[in-house]
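Asks: One structure follows; several queries about it will come next.
No value in this document is a laboratory result; all are computed from the given coordinates. Please read these numbers as outputs of a predicted model, since none were measured by experiment. Cβ atoms come from the backbone with ideal geometry, glycine included; neighbour counts cover every protein chain shown.
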Amino acid sequence: MLPLNGVRILAVEQYGAGPIGTQYLVDMGAEVIKIENPRDGGDISRSVGPFFLDDMPECSASIFYQGLNHNKKSMTIDLTQDRGRQILHRLVENADAIVGNLRGDVPEKLGLTYDHLKAFNPKLVCGHISAYGRTGERAGWPGYDYMMQAEAGFFSLTGEPDTPPTRFGLSIVDFMSGLALACATVAALLEARQTGRGRDVDINLFDVALYNLNYIAHWQLNSGHNQQRLPRSAHASLTPCQLYRTKDGWIYVMCNKEKFWRILCEKIGRSDLADDPRYETFSKRYDVRDELTAVLDDVFSQKTTFEWISVFDGKVPVAPVYDVRQAMENPFVTESGRIRTIARDGGRDFKILGSPMNFGADRLDLKMSPALGEHTSSLLRDIGFDENAIRDLELSGVI
């Protein structure tokens, strides 16, 4: 039994932030039902390329989509129609939460807020991810991950000095926002079970991006320091903590405690560096960082990255610098169950990253992401619709 077994979540979600948030809820055992518009192809991520599975229906062939929606159900409902909203209200009666990531002014228009839905279920939690929040001057603005990285300062902190501002290689703000929504939703569900009252829960991409500046922002707010990019992805004050050249590539070293500096010097056969008064403290090493980089580059270039990692043997915090293929082929990943497989009827198995949440022996039995509207009829039958009523809804374009 996973922690959220028996919890039902309705999800009016699309693209990345909402789906990854509910994916965490799925991984904890919740039943997640995607509510998708039958007229526009549903979740836009169903059409996001560039890579597709060639033996699956077009509406679920996107590998991007498959990676964010496994084990969910899909139900098509046009929420702009009165009859569509009536179906939603019946679903809400037996749901624990409804969550989504829509433009800030849309949940109110579609009636997806707690005030609109509490009459049907007073314990309902209504979780919202928007770009800039559901109130204020930007409530109606569209917004995406990379925009948040740009405005919150992430671009200015990423990459090498004297190069154009650079974004993260991942949709990191979407992913952090989804995780924040999952956390807030679980907290609100706990409160609802204790008090019998639900609530709205609001997350927005911009606030999540800003919040995650953390110490960088606090340095500026309290000391006036405006952090800039440093060579070799170095730490702002701790040295050595950066990239170094090896015989065949790069290695990242993080001597973020003084003890690691002395162990490093011993392991590379340069105990003299640890005894050198120029290098005896973080602050002194920082003052001569460029000089020390040249010294350590010379040492590290004598062996391959793998050889150095073997030399350090977990006694010094170091990591190889991999591209994505190397990361996926890393034995530490492939031999530990961190990549899982979903069996497919008549097709190749689908490889997917395993959840980072570990609940011991209890583990989700993985299923492929649903086709558009795959569960519409069965879910309608569950709430009392017969075949004639379902056919009428289809003909009317409600589902």
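Asks: How much length is gained on full extension from Asp386 to Leu353, taking 0.36 nm per residue of separation minus their Cα-Cα distance?
Replies: Here the answer is 8.0 nm.
Asks: Hey, rough spin-label estimate for Asp55 and Thr281, points 7 angstrom out along Cα→Cβ, what's it come to in nanometres?
Replies: If labels sit at Asp55 and Thr281, their model points lie 6.5 nm apart.
Asks: Lysines within cross-link reach of Lys118: Cα-Cα under 28 Å, excluding same-chain residues under 8 positions apart?
Replies: Filter leaves Lys34, Lys72, Lys73, Lys109.
Asks: List the aspartates and glutamates whose Cα lies under 18 Å from the Cα of Lys257, skipping any in the same chain that are fewer than 8 positions away.
Replies: Glu266, Asp275, Asp276, Glu280, Asp287, Asp313
Asks: Further question on the same structure: Summing -39500 (n - 2.57) over the DSSP H runs of n ≥ 4 in the chain and dividing by its residue number, what mean residue ellipticity at 222 nm do you reach, to the nearest 500 deg cm²/dmol? Walk me through the numbers on the way to the answer.
Replies: Numbers: 19 runs with 153 residues, N = 399.
Calculated mean residue ellipticity at 222 nm is -10500 deg cm²/dmol.
Asks: What length, rounded to one decimal in nm, is gained on full extension from Glu191 through to Leu221, with 0.36 nm per residue of separation minus their alpha-carbon distance?
Replies: Working: separation 30, 0.36 × 30 = 10.80 nm, distance 3.42 nm.
Taking 0.36 nm per residue and subtracting the Cα distance, the gain is 7.4 nm.
Asks: Under the definition of Cα pairs under 8 Å and six or more residues apart, what whole-number percent is the relative contact order of segment 299-399?
Replies: For segment 299-399, the relative contact order is 12 percent.
Asks: Under the Karplus relation 6.51 cos²θ - 1.76 cosθ + 1.60, θ = phi - 60°, what is the ordered set of whole-Hz ³J(HN,Hα) values for segment 50-64, x standing for Gly and Pro?
Replies: Those phi angles translate into x, 10, 9, 7, 7, 10, 10, x, 3, 6, 9, 7, 5, 5, 4 Hz.
Asks: For Lys73, enumerate residues with amide H under 5 Å from its amide H, sequence gap 5+ or separate chain, H modeled in the peptide plane.
Replies: Close amide H contacts, sequence-distant or interchain: Val32, Ile33, Lys34.
Asks: Which residues among segment 78-95 fall inside the zone where the amide N is under 17 Å from a point 7 Å beyond the Cα of Ser396, along Cα→Cβ?
Replies: The answer is 78-91.
Asks: Below 13 Å, Cα to Cα, which aspartates and glutamates can Lys123 reach? Residues fewer than 8 away in the same chain don't count.
Replies: Output for Lys123: Glu93, Asp96, Asp115, Glu191, Asp200.
Asks: Report the one residue of Leu296, Gly269, Cys255 whose Cα lies farthest in the direction of the positive end of the charge dipole of segment 227-372 (charges on C-beta: Lys and Arg +1, Asp and Glu -1; origin at the Cα centre).
Replies: Comparing the listed Cα positions along the dipole, Cys255 ranks first.
Asks: On to the next question. What are the ³J(HN,Hα) values, in whole Hz, obtained from phi via the Karplus relation 6.51 cos²θ - 1.76 cosθ + 1.60 with θ = phi - 60°, for each residue of segment 389-399 in sequence order, with x given for Gly and Pro?
Replies: Each residue's phi maps through the Karplus curve to give 5, 5, 5, 5, 5, 5, 5, 7, x, 6, 10 Hz.
Asks: Let me ask something else. Scale the Cα Rg of segment 171-229 by the rule-of-thumb value 2.2 N^0.38 Å and send over the ratio, two decimals.
Replies: Values: Rg = 15.8 Å, N = 59, 2.2 N^0.38 = 10.4 Å.
For segment 171-229, the normalised Cα radius of gyration is 1.52.
Asks: Which percent, to the nearest 5, of DSSP beta bridges fully inside the chain are antiparallel? Before the final figure, lay out each step's value.
Replies: On the way: 14 of 37 bridges.
Around 40 percent of the beta bridges assigned by DSSP in the chain are antiparallel ones.
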